[in-house]
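See below for the structure under consideration.
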Amino acid sequence: MTTTERTAASHFLPSEEPLGLVSPDGKRVEQPGLPMPADEVLLRLHSGMVAGRRFDTQATALTKQGRLAVYPSARGQEACEIGAVLALRPQDWLFPTYRDSMAIVARGVDPIEVLTLLRGDWHCGYDPYRANVAPQCTPLATNTLHAVGFAHAARVKGEDTVSLVLLGDGATSEGDTHEALNFAAVWKAPVVFLVQNNGYAISVPLAKQTAAPSLAYKGVGYGMPSVLVDGNDAAAVHAATEQAVARAAAGEGPTLIEAITYRIESHTNADDATRYRERAEVEEWLERDPIARLKQYLTDRGLLTEQAQQEIDVRAEADAASLRERMNIDTVLDPAELFQHVYAEPTAALRTQAAELAAELEER
């Protein structure tokens, strides 16, 4: 490898330590090359995280009440979810996973429609084109391919569109992620890959998934810039994502961002996290709460008053109450909908099955 090639390769390497702009105790951190978002953006980030957490805790409660079949909580990952989504432009697209309900709500989708999948009523309860949000993917890493294909097609058509794909650390072990990263880098697809490294792929710790210093180092192997960021710092996540979106929109190709964060709750309501991690570990991460640190920073600077915080809390509680009330209304489902949207044009076999089901239902 020549000196020029080594220099070019080093450009793709992430920092040794996660980049941050606000310390866990709410102090400003100077980070060359990573600008602090404007004050109004910081306030939006804080408000969004408060609303997101209240939505998350309400959805968890609804699951315990039997209103949802399953709910993968994102508590503790608010900075990743909100920080990244608020960095998108209106024309950009979000490609979420099953854990990213909070991010979808922050993008403007009705919470009821978001929870339709987890309620078991539909594969996707919202119109993807209304808010530029693809259906949530339950199979690991399949959304990476969707995001890359969508972005590449948009670029070929001359559209100014960037795809933001959210994935967890477990998804980086999937072949789909390899294919997506490689294709995106070769074709300079306008994609931002945001890996929310919350430490566990269900019960499998990161150390059993990779021997690399961090997941961000995977980017250099594909020839794309990589960024390692503090995933509990909403300001840093937003700044890094905004830079990556701008880079992609300028035709400079994809970026891989690894955000170091933590999943406070179990994998889902069907999981018992005490079987594979200690309570002391959870307590340690609770001290790094993403909402508390930004709140402290904004309060110390006089940007967030007690009255403003109360108003944010009241709005979040009102949204949760509305969600609770609407989720307690039983839905009326039509079995014939099973056959809708399977194919653009129903096949003969599908029409036969639909007719057989209709006849069976009439006999009851």
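A few points about this structure:
- Exposed loop sites here are GluC sites (Glu not before Pro) assigned a DSSP state other than H, G, I, E or B and surrounded by at most 15 other beta carbons within 10 Å; excluding them, the longest clear run of the chain is 31-158.
- Residues in region 191-205 carry Karplus couplings, in order, of 10, 10, 9, 10, 8, 8, 7, 9, x, 9, 9, 6, 10, 8, x Hz; the curve used is 6.51 cos²θ - 1.76 cosθ + 1.60 with θ = phi - 60°, and Gly or Pro positions show x.
- Between region 123-179 and region 219-237, the Cα center-to-center distance that results, in Å: 18 Å
- Positive-end ranking of Val162, Ala344, His123 along the dipole of the chain, with charges on Cβ about the Cα centre, is headed by Val162.
- Magnitude of the charge dipole for the chain, about its Cα centre and with charges confined to Cβ atoms of Lys, Arg (+1) and Asp, Glu (-1), is about 500 debye.
- Added length on full extension, which subtracts the Cα-Cα distance from 0.36 nm per residue, Glu287 to Gln91: 66.9 nm
- Added length on full extension, which subtracts the Cα-Cα distance from 0.36 nm per residue, Arg364 to Ala207: 51.0 nm
- From the alpha carbon centroid of region 24-60 to that of region 346-364 is 51 Å.
- Under Karplus coefficients 6.51, -1.76 and 1.60, residue-wise ³J(HN,Hα) of region 332-343 in Hz, glycine/proline x: 9, 9, 9, x, 5, 5, 4, 9, 7, 6, 6, 10
- Spread of Cα-to-Cα distances over 10 Å intervals beginning at zero, given as percent, for region 223-356: 9, 17, 23, 26, 18, 6, 1
- Prolate/oblate/rounded label for the chain (Cα gyration tensor, a/c 1.5): oblate
- Scalar couplings 3J(HN,Hα) for region 227-236, obtained by applying the Karplus form with A = 6.51, B = -1.76, C = 1.60 to θ = phi - 60°, are 10, 9, 10, 6, x, 9, 10, 4, 5, 5 Hz; x denotes Gly and Pro.
- Separation in nanometres of the label points that stand 7 Å from Cα toward Cβ, at Gln353 and Glu337: 1.8 nm
- Applying 1/(1 + (r/R0)^6) with R0 = 51 Å to the Cβ-Cβ distance of Ile112 and Asp25 gives a FRET efficiency near 0.85.
- Note that the chain presents 48 Å² accessible area per residue, ligands and nucleic acids not counted, probe 1.4 Å.
- Ala69 versus Arg301: modelled label distance in nm, points set 7 Å from Cα along the beta carbon direction: 4.4 nm
- For a label point 7 Å along the Cα-to-beta-carbon line of Arg326, residues of region 95-111 with backbone N under 13 Å: 105-106, 108-111
- The simple spin-label model puts a point 7 Å past each Cα toward its Cβ; for Cys124 and Gln309 those points are separated by 4.0 nm.
The values are calculated or read from the model by the stated rules, or taken from the named source; none is laboratory data. Every value quoted in this text rests on a predicted model; they were computed, and no experiment measured them. Don't worry about glycine lacking a Cβ; one is built from the backbone with ideal geometry, like all the others, and counts go over all protein chains shown. In case anyone asks, the SASA skips ligands and DNA or RNA and just uses the protein heavy atoms, side chains included. Shrake-Rupley method; radii C 1.70, N 1.55, O 1.52, S 1.80 Å.
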